[in-house]
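The values are calculated or read from the model by the stated rules, or taken from the named source; none is laboratory data. Predicted, not measured: the structure shown is a model, and the values here were computed from it. Glycine also receives a Cβ, built like all others from the backbone with ideal geometry; neighbour counts cover every protein chain displayed.
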């Protein structure tokens with residue numbers, strides 16, 4: 001049964017023994033693959049320099065600095081309203097939004113868990129952003145890439161707006 005989203009995990013070798021040029025071609029087919037590859041590269045750079053053990057807020061600030069130095073637009077703690085029957089019933093705060101295209105949820109936990117993925121999927125569902133990266137600054141760096149196509153998002157009567165518009 002399809003739920004309208006897909007996940008890519010970096011913790012397990014997805015393709016064993018494949019050279020990097022083949023992996024680049026595989027990623028070229030991913031929605032916003034070039035941008036997410038750049039973000040993931042920055043994540044590993046920040047992790048290698050900063051290490052683990054810091055609060056999520058510290059890692060978020062380091063990611064902002066590194067992403068901006070890499071020429072990307074970054075917004076931090078972006079409000080994401082949640083609507084139900086045309087009534088705003090809540091609000092999340094997305095850790096980072098990069099280039100108005102990719103939502104980043106940062107963690108500093110022992111391991112990534114399904115609850116962390118569910119949280120990111122809820123954020124994606126409440127916006128028109130389709131790609132999310134879950135980045136863990138735990139004992140070892142971990143990431144997940146989640147896709148939730150807008151065509152598959154079904155919140156009844158949701159006046160879902162672009163997060164970029166919410167920022168304005």
Original post:
Would you say residue 121 is closer than 25 Å to residue 150 by Cα and either assigned to a strand (DSSP E or B) or without any contact (Cβ under 8 Å) to a residue 40 or more places away in the chain (or both)?
Top reply: no
**OP:** Quick one: in segment 92-118, of everything that is assigned to a loop (DSSP other than H, G, I, E, B) and touching a residue at least 12 places away in the same chain (Cβ under 8 Å), which residue is surrounded by the most Cβ atoms within 10 Å (Cβ to Cβ)?
**Re:** 112
Original post:
Considering only residues of segment 139-159 that are buried (at least 16 other Cβ atoms within 10 Å of the Cβ) and part of a loop (DSSP other than H, G, I, E, B), which is modelled with the highest pLDDT?
Top reply: 153
**OP:** Would you mind listing the helices (runs of 4 or more DSSP H) fully within segment 8-74 where at least 2 residues are under 20 Å from residue 109 (Cβ atoms) and at pLDDT 90 or above?
**Re:** 33-50, 56-69
**OP:** Could you tell me which numbered condition residue 82 fails, if it satisfies all but one of (1) closer than 15 Å to residue 105 by Cα; (2) at pLDDT below 95; (3) crowded, with 16+ Cβ neighbours inside 10 Å?
**Re:** (1)
**OP:** Would you be able to tell me the number of residues in segment 104-122 that are closer than 13 Å to residue 94 by Cβ and touching a helix residue (DSSP H, G or I) at 6+ places or on another chain (Cβ under 9 Å)?
**Re:** 3
